[in-house]
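Working notes, structure below.
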Amino acid sequence: MQIGPYTLANNIFLAPMAGVTDLPFRKLCRQYGAGYSVTEMVSADSRLWNTRKSSLRRVHMDEPSPRAVQIVGSYPQKLAQAARFNVDQGADIIDINMGCPAKKVCKVLAGSALLADEDLVKRILTSVVEAVEVPVTLKIRTGTNENNRNGVQIAKIAEDSGIQMLTVHGRTRACRFKGQAESNTICKIKKSVNIPVVANGDINSAEKSKKVLAITNADAIMIGRAAQGQPWLFRQIDHYLKFNEKLEQLPMADVRTIILDHLNELYSLYGKQQGVRIARKHIGWYLDNLNASLQFKRKVFTVTSSDSQFNLVRSYLQDTELKMENVA
């Protein structure tokens, strides 16, 4: 899998997710099999670039290359400026968000709202591609609604504008995250262009990955929500696609190490006070995958110190590991 001059480790990617794919999570997913990852979306509004929140969302120079930043906005010149700024900050690839269905994004005519204006899409893509010398990629949905799936038209505009990779979430803007993602439009898009196409949406297992690749003939898959609480999913999928066999379940000792290391990375990046709050959602996803009791979840979500949070999670994981050893 190639993006411009960059050869990727495999064709299984981590999707950019606001509030989720920060530096610790990206590093963790890359470590456990993701061939590529993209930052959380960064606003094209230059007034926000120097805030602490925005600075933490950008690429970090200790990340492995290629470092990709996703930008979001609705004005061609501002997005071009944002692309240049992020390249200056270390981005190797710029990704443009035209897939986010969130109301606060769409109400300012950004994200997936842009799909309704194909002329504006072309002006944005052309402006950004001409503004930087690094590869520019694009993430879209299949259209604005079920009666207007214009993903093929958008894909052709993207290719003509110099976009070097296209990711397609198999839902329309109106669908948000409801219902099942569909692959038929992604297949049509793949047939209509010569640039790499990445399939995204509801890919949550090794078997589903293989099925989506077969149906869409996509060059790669991108995994979002399914990676929450199980960043090792990428390694499992990669192994299955290469050898057509499932990896054994990850040992609980390894799961414990992953989770505790993740918590320490969050405390280090955000500081202990903010790190505790941000860690809660990740702990929740991990505990959901471990079928933890509601009582324990409530207990761990109410602590306010990093030491208490860490020790509670560590004790729970150690107890779980002992129980599994006794059963075995």
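Over its Cα atoms, what ratio of radius of gyration to 2.2 N^0.38 Å does the stretch 60-115 give? Let's see the in-between values first.
Values: Rg = 12.3 Å, N = 56, 2.2 N^0.38 = 10.2 Å.
For the stretch 60-115, the normalised Cα radius of gyration comes out at 1.21.
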### Mean accessible surface per residue for the chain, computed with a 1.4 Å probe while every protein chain stays in place, in Å²
46
### Query
Can you tell which of PRO66, PRO251, PRO16 shows the greatest fluctuation in a Gaussian network model of the chain with Cα springs below 10 Å?
PRO251
### Query
Where the centroid of each part is defined by its Cα atoms, how far is the stretch 230-247 from the stretch 160-221 in Å?
19
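Need one word for the stretch 164-249: rounded, prolate or oblate. Basis is the Cα gyration tensor (sqrt eigenvalues a ≥ b ≥ c); a/c below 1.5 gives rounded, then a/b vs b/c decides.
Numbers: a/c = 2.12, a/b = 1.37, b/c = 1.54.
In terms of gyration-tensor shape, oblate.
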### Message
Between the stretch 298-327 and the stretch 31-50, what is the separation of their alpha carbon centroids in Å?
### Response
31
#### Entry: Heavy-atom accessible surface of the chain: percent carbon and sulfur, 1.4 Å
47
### Query
Counting pairs on different chains as well as pairs 8 or more places apart, how many Lys pairs in the stretch 1-110 have Cα atoms under 23 Å apart?
8
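Let me know the charge dipole size of the stretch 235-324 about its Cα centre in debye, to the nearest 20, where only the beta-carbon of Lys, Arg (+1) and Asp, Glu (-1) is charged. Intermediate results must be reported in sequence, preceding the final value.
Working: 13 positive and 10 negative charges, 86 e Å.
Dipole magnitude for the stretch 235-324 comes out near 420 debye.
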### Query
For the chain, what is the mean residue ellipticity at 222 nm derived from helices alone (per DSSP H run of n ≥ 4: -39500 (n - 2.57); sum divided by total residues; nearest 500 deg cm²/dmol)?
-15000 deg cm²/dmol
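In whole percent, what relative contact order does the chain give with Cα contacts below 8 Å and a gap of six or more residues?
Averaging sequence separation for qualifying contacts and normalising by length gives 13 percent for the chain.
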### Task
Determine how many Å³ per residue the convex hull of the Cα atoms of the stretch 200-241 encloses.
58
### Summary
Expressed to two decimals, the stretch 1-126 has a Cα Rg over Rh, using the Kirkwood radius, of 0.96
### Cα gyration tensor shape for the stretch 254-303, rounded if a/c is under 1.5, else prolate or oblate
oblate
#### Entry: Rg over Rh, two decimals, the chain (C-alpha only, Kirkwood Rh)
0.98
#### Entry: Largest to smallest principal axis extent of the C-alpha atoms in the stretch 185-328, angstrom
54, 39, 25
### Mean Cα-pair separation over length for the stretch 186-326, i.e. relative contact order, pairs under 8 Å, 6 or more apart, %
19
#### Entry: Neighbour net charge for ALA227 - beta-carbon separation under 12 angstrom, K R +1, D E -1
+4
### Of the DSSP H helices in the chain, those whose Cα atoms cover at least 24 Å axially and whose Kyte score averages -0.5 or more
252-270
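The values are calculated or read from the model by the stated rules, or taken from the named source; none is laboratory data. None of the values given here were measured: they were computed from a predicted structure. A quick note on method: Cβ atoms are made from the backbone with ideal geometry, for glycine too, and the neighbour counts reach across all protein chains shown. Surface areas here come from the heavy atoms of the whole protein model, side chains and all, with no ligands, DNA or RNA. Shrake-Rupley method; radii C 1.70, N 1.55, O 1.52, S 1.80 Å.
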